[in-house]
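To keep things clear, I will list the structure first and then write my remarks on it.
All of the numbers you see were taken from the coordinates with simple rules; none came from a lab. Values in this document were obtained by computation on a predicted structure and should not be read as measured data. Every residue, glycine among them, receives a Cβ derived from its backbone with ideal geometry; neighbour counts consider all protein chains shown.
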């Protein structure tokens with residue numbers, strides 16, 4: 001059904017003025033906040049753990065804003081992947097240390113899961129003539145999987161590396177001086193992870209940023225993408241001089257620490273709908289479990 005109706009709708013939506021797309025996203029976000037209580041609970045738990053000074057009412061207000069930003073970013077894929085290139089380019093604004101991406105040598109771009117992550121990727125593929133790589137997770141819905149894969153390969157020389165392909169092709173690409181767009185800040189289970197603080201809470205975190213940079217002899221350049229009224233602001237931060245080090249655990253903790261500082265500037269635009277604390281240290285309880293009702 002998505003292939004026939006959803007794709008047609010997104011193509012049609014790409015013709016709308018941006019303000020109309022965002023207005024529809026605002027409405028959809030409020031509907032989702034009410035209609036999907038299980039995911040709303042995930043957001044509320046995440047916010048309670050990461051922002052303990054906030055009151056319950058404050059968390060509810062920010063949770064609504066999270067759903068709105070999530071819905072708006074999802075609908076923005078319409079114009080990112082279907083609007084004319086000039087329209088897309090006009091709505092993506094680069095700021096910061098852009099030279100950090102242009103210098104010779106391999107680059108691991110640390111791209112955290114802000115809702116504008118696809119806008120940041122699209123902006124980079126539009127701006128670069130060099131080969132760009134990223135790790136792609138196939139979607140459970142085949143039609144959506146095809147749509148997302150095509151959208152992310154719309155511009156530039158793009159390689160979507162599936163996890164089954166292994167890491168060696170990516171390491172080889174970095175050693176050739178190419179670029180990798182990496183999103184290592186979600187909870188992917190216990191494999192290749194360490195527990196390091198995220199907003200002071202132990203969080204299972206991939207060590208891949210440090211490992212790819214070290215094995216690929218590449219520098220780390222963070223990019224954060226902020227949704228704005230006119231599109232997205234893609235900020236290139238200065239290359240990290242202290243990552244990778246000889247200690248992947250320390251590197252990963254530093255990554256989370258710096259990510260928290262960026263989230264503080266736009267907490268509603270982080271991917272709080274994800275169960276960031278799903279994997280717990282041994283002996284710690286599931287933070288997302290529903291409290292048991294007392295016996296009658």
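Annotation for residue 280 and residue 230: the two label points, set 7 Å from Cα along the Cα-Cβ direction, are 4.7 nm apart. Spatially, region 1-62 and region 81-147 are offset by 22 Å when compared through their Cα centroids. Cα gyration tensor of region 239-296, axes a ≥ b ≥ c as square roots of the eigenvalues: rounded (a/c below 1.5), prolate (a/b > b/c) or oblate? Oblate shape, in that a/c is at least 1.5 and b/c is the bigger or equal ratio.
Calculation over all alpha carbon pairs of region 144-296 in 5 angstrom steps from 0 returns a P(r) of 1, 7, 13, 18, 19, 18, 12, 6, 2, 1, 1, 1, 0, 0 percent.
Roughly speaking, what is the stretch gain from residue 48 to residue 245, that is 0.36 nm per residue apart minus the C-alpha to C-alpha distance, in nm to one decimal?
67.7 nm
Fewest-first ordering of 210, 241 by other beta carbons within 10 Å of each residue's beta carbon gives 241, 210. Here the extension length gained between residue 24 and residue 160 equals 45.9 nm, from 0.36 nm per residue of separation less the Cα-Cα distance.
Summary of the geometry: region 205-275 and region 148-171, compared by the centres of their Cα atoms, lie 20 Å apart. Most simply put, the chain has about 40% antiparallel DSSP beta bridges, counting only bridges with both residues inside it.
The helix-based estimate of mean residue ellipticity at 222 nm for the chain, built from -39,500 (n - 2.57) per DSSP H run of four or more residues and divided by its residue count, is -14000 deg cm²/dmol to the nearest 500. Rounded to 0.05, the FRET efficiency of the residue 130 and residue 150 pair, given R0 = 25 Å and the Cβ-Cβ distance, is 0.75.
Once Cα extents along the principal axes in Å is calculated for the structure shown, the corresponding label among [x] 74, 46, 38; [y] 67, 50, 34; [z] 75, 63, 42 turns out to be [y]. Working from label points 7 Å from Cα in the Cα-to-Cβ sense, the residue 34 to residue 289 distance is 3.3 nm. Can you tell me how region 1-133 classifies by the Cα gyration tensor, rounded, prolate or oblate, using a/c under 1.5 as the rounded cut? Oblate.
The packing ranking of peptides 93-99, 197-203, 282-288, highest mean first, is 197-203, 93-99, 282-288, where packing means the average number of other beta carbon atoms within 10 angstrom of each residue. Put simply, when 139-145, 85-91, 46-52 are sorted by average Cβ atoms within 10 angstrom per residue, most first, you get 46-52, 85-91, 139-145.
Between residue 98 and residue 264, the modelled label-to-label distance comes to 2.9 nm, taking each label 7 Å out from Cα in the direction of the beta carbon.
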